[in-house]
Amino acid sequence: MSADNQSIIVRGSHTIYLSESLSEAAQQLMIPLLDLLPTASFNINDSAGLAQASIIIKDMVDGRGLACPMPLLKTKVALRHVATGESLYVVATDPNSQADITAFCEQSQKTDTINPLLLVINQATAASSEDITTANSKHSVDTIYHFIITKTDSN
């Protein structure tokens, strides 16, 4: 794919790059979901206190309509294909996903000395029924939980 096929989204002072390896369909699914996030949610600092100005999303987990623990399990599998410095975008509708994914990322900070995970975005947004229509979900849900997880370098 050429750089022309890569989507770039600017949210406040942050730039989100959708990886060229993402299909056009995946990019079209992610853009409206990312647009639900308020700009203020991107004013996140990493553990060193340095603002992360750009995010490269390598893949997405669509956990909407899936019950706990499936969004977390799908997240763990997808992270195997994310390189250091790249991010995974996860959306879910199960409220338990927020606690599960947050705890998973915090635990990686304590135990994974090679590539700890940084939870860049942990945000719930309201959604209309059009926002969440997927093969997994045939009913209306009011909240979508958004996570952007970046695989960091421990050095």
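Can you tell me how many residues in segment 1-50 are in a loop (DSSP other than H, G, I, E, B), at pLDDT below 75 and either surrounded by fewer than 10 Cβ atoms within 10 Å (Cβ to Cβ) or out of contact with any helix residue (DSSP H, G or I) (no Cβ under 6 Å at 6 or more places or on another chain) (or both)?
Applying the first criterion (in a loop (DSSP other than H, G, I, E, B)) to segment 1-50 yields 1-2, 6, 12-13, 19-23, 36-38, 43-44, 46-50.
Then drop every residue that is not at pLDDT below 75, which leaves 1-2, 6, 12-13, 43-44, 46-50.
Now narrow it down to the ones that are either surrounded by fewer than 10 Cβ atoms within 10 Å (Cβ to Cβ) or out of contact with any helix residue (DSSP H, G or I) (no Cβ under 6 Å at 6 or more places or on another chain) (or both): 1-2, 6, 13, 43-44, 46-50.
Counting residues in segment 1-50 that are in a loop (DSSP other than H, G, I, E, B), at pLDDT below 75 and either surrounded by fewer than 10 Cβ atoms within 10 Å (Cβ to Cβ) or out of contact with any helix residue (DSSP H, G or I) (no Cβ under 6 Å at 6 or more places or on another chain) (or both) gives 11.
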**Request:** Among the numbered conditions (1) modelled with pLDDT under 90; (2) outside any loop (DSSP other than H, G, I, E, B); (3) closer than 20 Å to THR125 by Cα, tell me where GLN109 comes up short.
**Result:** (3)
**Prompt:** Given ILE101, ILE121, ILE132, which one is touching a Phe, Trp or Tyr at 6+ places or on another chain (Cβ under 7 Å), modelled with pLDDT under 90 and over 20 Å from SER21 (Cβ atoms)?
**Reply:** ILE121
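The values are calculated or read from the model by the stated rules, or taken from the named source; none is laboratory data. Keep in mind that what you see is a predicted model, and the values were worked out from it rather than measured. Note that we place each Cβ from the backbone using ideal geometry, even for glycine, and neighbour counts take in every protein chain shown.
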